[in-house]
Structures are given as C-alpha cells and as structure tokens.
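One structure is given below, encoded as structure tokens.
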Amino acid sequence: MYGLYAIGFIAACVMALLLTPLVKKFAFWVGAVDAPNHRKVHTRIMPRLGGLAIFLAFVGAYFVVSPALDAVNSDAAFGLLLGGFVIVVTGALDDRFQLSPKWKLLGQLIAACIVVSFGLKIDLVNIPFGETNLPIGWLSIPITIVWIVGVSNAVNLIDGLDGLSAGVSGIATTTILILALMMGNVTVILLCVILLGSISGFMFFNFHPAKIFMGDSGALFLGFALATLSILGFKQAAVVSLLIPIMILGVPLSDTFFAMLRRYVNKLPISAPDKSHLHHCLLQMGFSHRTSVLIIYGIAAIFGGSAVVCSVFISQDSTWGLIMIIVALFLVMLVGAEAIGIISKSRKPVINFLQKLVGKQVQSDRVGK
C-alpha cells in the first residue's frame, strides 16, 4: 500500500512539472497575467493560472492510483474533485477577468455546497477537555460552508510572495498526512500524498524567483482542499477536537484574524487592502524575499508540530499538557504579532504588560537581596 502512495506522489509531482510550463504559455496567451502595482512585491508582469497545473496533476494522479485502493471513500474524493473543479474555474476566471467579490463568493459557496452534498460535514464538535461529543444538528451545514469558504480565502490572503502559499499549504498537508497515518485513514492519506506531490512539482517553478504565480485558481483550490481534508480526516475521530485543524492552518487563519483586528483598530473597512500582512511586515523589517518565506515556513511548521503534539495529548487525555501547549502557542503568537507590528506599529499592550511584569520582578529580586 505504501508503494501505491509513493506512486501517487511521484505521478502528481511529474504531472505538475510537465503541466506548469504549458499552463504558463496558456496564461500569457489568454492574458491571465499579474501586473505590478503599489501593493505587489514583484516588479514585472507574471503569468497566473498556476492553480490549473496543480489541480490537473492532482486529478490525474488520483485516477492513476485510486483504482488500486479498495478502501478509498470514492464519494468523499469525488466531492473534493468536483468542488475543486468549481473553485478552480472560479479562481481562473478571476485570474483573467478580475471578478467582483460577489461572483467569487458565489463560486466558493457552490463548491462548498457540493462538498456538503457528498456527505462531508462537521457533524459534531468534540469538547477539547473531555470525551463528550456535542451534536450540532442542522447547524452542521452552515458551519461547514463557512469553514470551507473561510479557509479558502485565508490561504488566498497569504499568497503574496513567491512560493509562500504553496509552501505553507504543503506544510499543512504534511501535518494532515501525519495525523491520517496515525489514524489509518486511507482516503485522507491518498489525497494528501497526491496533493503534496502536485504542490512539490509546482514549487519548482514557483519558489523565488518565481516563473509563474498560482493565482486565485491555485490559492483558492489549496485552501478549499485543506479545509475539505480537515473535515474528512477529523469528522469521525472522537479524540480529535476542532482545535487540531485550526492549528494546522494556523498561519493563514492567524494572518486573516490579525488583518481583521488591524483594520478594526485603525478604523478601516474589514475588506480594505493593505501592506501589513505577515509577509509584508517581515519585508519591512529588512528580511529578504526568500528569508521572509522561509521564516513563515518555520512558523507553519511550528503550528503543524503543535497540532500533532496536541492530538497526542488529546488521545492520552492529558488535559494539562494540552492546555500548556495552547496557552504557550497563543502567547508566542500574540507577542510575535506585536513585535513585527502586524496589528499596529505603535500599540503593543501585551509586550508592554510583559515588560512591566519583568521589571517589577527584577525590582522585587533586588529588594530581596
């Protein structure tokens, strides 16, 4: 079976390597290009539509390997493939014609509804500090749709540097794959393996300096796939709470959360674009393009590793270990966000509080001596 997984990874990787140059030529031919502006980092016209290569490699590798695996949940896989097709088409149209937000949202909602129609829903919420499963009834449908649309857009928001969105998605996919291997979920293992192969092949052309961008077609599809895989991988696992998929997608979700908080603090519309996302802040601090991407990869790996550790704590009913990991990760995330100025360049309440706390402790130690 592991040999088939390896074949799936290699097939997806090779297909992505072969398809990406063709997609690049196609993007120039149809005019799906990204011109530089004041918000963009790149300085020359770049082809988009790279998501087509990722998706086609993903689909092709699936049909190469899946017939040999009897244990694959074909309904779930087809839900991902069909919904993925809709969201890739939506993203591709936006790459070419710059769709209005309403039309983009409509395409995302249709894709999410397709997934739900194939039976993939968040049916219950596992209480993190107990063994109780809380049924959510009819709310499962809107919660699932909001989750898929939210994650899709979160991954799209971090697509601001060469190889960033693809690399972060690859790390998240690897984390889901590790957890799926721990649980023996054949369907999720296969889908993660071929998705990782598709990303790896595309990264050859997308890492800095990029020769092609994945565009909305790629970023939306990767977010959509990760959201769907997180549902498929954890919906029937009583030992895994919703904290785990949230942690796996920690980088795009936290960047989106901080963007909303930043715009609220600065009294700007929630949808207002700016240059204060995580990758923008790192560049403004003087890090190079490649170094900024590698730093964010490291952050994504920390989130992924924490998700794996937390899943182990949950399975062993180690409540205190789980609490310590969550609190430490949340505190580090807040301090890091304030340090780089992702929320506000001047307001840093958590850092100021910690500095005062440390100062008082130092004074107390001196008095004691």
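The values are calculated or read from the model by the stated rules, or taken from the named source; none is laboratory data. All values reported here derive from a predicted model rather than from experimental measurement. Counting neighbours? That spans all protein chains shown, and the Cβs are built from the backbone with ideal geometry, glycine included. Surface accessibility is based on the protein's heavy atoms, side chains included, excluding ligands, DNA and RNA. Shrake-Rupley method; radii C 1.70, N 1.55, O 1.52, S 1.80 Å.
The numbered conditions (1) under 27 Å from Asp274 (Cβ atoms); (2) open to solvent by 60 Å² or more (accessible area, probe 1.4 Å); (3) at pLDDT below 90 are all true for Leu161 except (2). Considering the conditions (1) open to solvent by 30 Å² or more (accessible area, probe 1.4 Å); (2) of a type in the set (A, V, I, L, M, F, W, C); (3) in a helix (DSSP H, G or I), Leu99 is excluded by exactly one of them, (3). Among the residues of region 337-349, those that are loosely packed, with under 15 Cβ neighbours inside 10 Å and not in a loop (DSSP other than H, G, I, E, B) comprise Ala339, Pro349.
Residues Ile189, Ile171: which one is more than 19 Å from Ala219 (Cα to Cα) and part of a helix (DSSP H, G or I)?
On the way: Ile171 fails: more than 19 Å from Ala219 (Cα to Cα).
Of the residues listed, the single one that is more than 19 Å from Ala219 (Cα to Cα) and part of a helix (DSSP H, G or I) is Ile189.
Taken together, the criteria place Thr90 among residues that are closer than 30 Å to His280 by Cβ, among the hydroxyl-bearing types (Ser, Thr, Tyr) and modelled with pLDDT of 95 or more. The residues of region 142-158 that are open to solvent by 50 Å² or more (accessible area, probe 1.4 Å) and at pLDDT below 90, listed by number, are Ile143, Leu157.
If you go through region 107-121 one residue at a time, how many are open to solvent by 30 Å² or more (accessible area, probe 1.4 Å) and of a type in the set (S, T, N, Q)? Of the residues in region 107-121, 1 are open to solvent by 30 Å² or more (accessible area, probe 1.4 Å) and of a type in the set (S, T, N, Q). Scoring Lys104 on the criteria (1) open to solvent by less than 70 Å² (accessible area, probe 1.4 Å); (2) under 21 Å from Ala180 (Cα atoms) leaves a single failure, condition (2).
Okay, residues lined up against (1) touching a residue at least 40 places away in the same chain (Cβ under 8 Å); (2) open to solvent by less than 10 Å² (accessible area, probe 1.4 Å); (3) in contact with a Gly (Cβ under 7 Å, 6 or more places away or on another chain):
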{"residue": "Ala35", "(1), (2), (3)": "no, no, no"}
{"residue": "Gly50", "(1), (2), (3)": "yes, yes, yes"}
{"residue": "Ile54", "(1), (2), (3)": "yes, yes, yes"}
{"residue": "Ala71", "(1), (2), (3)": "yes, no, no"}
{"residue": "Leu81", "(1), (2), (3)": "no, no, no"}
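Report whether or not Ile323 is assigned to a helix (DSSP H, G or I), surrounded by 20 or more Cβ atoms within 10 Å (Cβ to Cβ) and not polar (S, T, N, Q). Considered against the rule, which asks whether it is assigned to a helix (DSSP H, G or I), surrounded by 20 or more Cβ atoms within 10 Å (Cβ to Cβ) and not polar (S, T, N, Q), Ile323 comes out as no.
I'd like the residue in region 192-237 that is in a loop (DSSP other than H, G, I, E, B) and open to solvent by 10 Å² or more (accessible area, probe 1.4 Å) and, out of all such residues, is farthest from Val116 (Cα to Cα).
Step one: list which residues in region 192-237 are in a loop (DSSP other than H, G, I, E, B), which gives 207-214, 235-237.
Retained after the next criterion (residues that are open to solvent by 10 Å² or more (accessible area, probe 1.4 Å)): 207-209, 211, 213, 235-237.
Values: Phe207: 34, His208: 37, Pro209: 38, Lys211: 36, Phe213: 30, Lys235: 13, Gln236: 15, Ala237: 18 Å.
Step by step, filter region 192-237, then rank; the result is Pro209.
Beta carbons closer than 7 Å, at least 6 apart along the sequence or on distinct chains, pair a first residue in region 170-193 that is β-branched (Val, Ile, Thr) with a second that is at pLDDT below 95 and not in a helix (DSSP H, G or I) for Val186/Leu69; Val186/Ala71; Val186/Val72; Thr187/Val72; Thr187/Asn73.
Output the residues belonging to region 109-123 that are part of a loop (DSSP other than H, G, I, E, B) and either in contact with a His (Cβ under 9 Å, 6 or more places away or on another chain) or more than 12 Å from Ser140 (Cβ to Cβ) (or both). The answer is Phe118, and nothing else. Of the residues making up region 257-267, at least one is modelled with pLDDT of 80 or more, buried (at least 16 other Cβ atoms within 10 Å of the Cβ) and farther than 24 Å from Leu222 by Cα. If you filter region 1-44 down to residues that are outside any helix (DSSP H, G or I) and farther than 21 Å from His280 by Cβ, you find that the one that is modelled with the lowest pLDDT is Met1.
Only a single item in (1) assigned to a helix (DSSP H, G or I); (2) of a type outside the set (Lys, Arg); (3) surrounded by 14 or more Cβ atoms within 10 Å (Cβ to Cβ) is not met by Ser276, and it is number (1).
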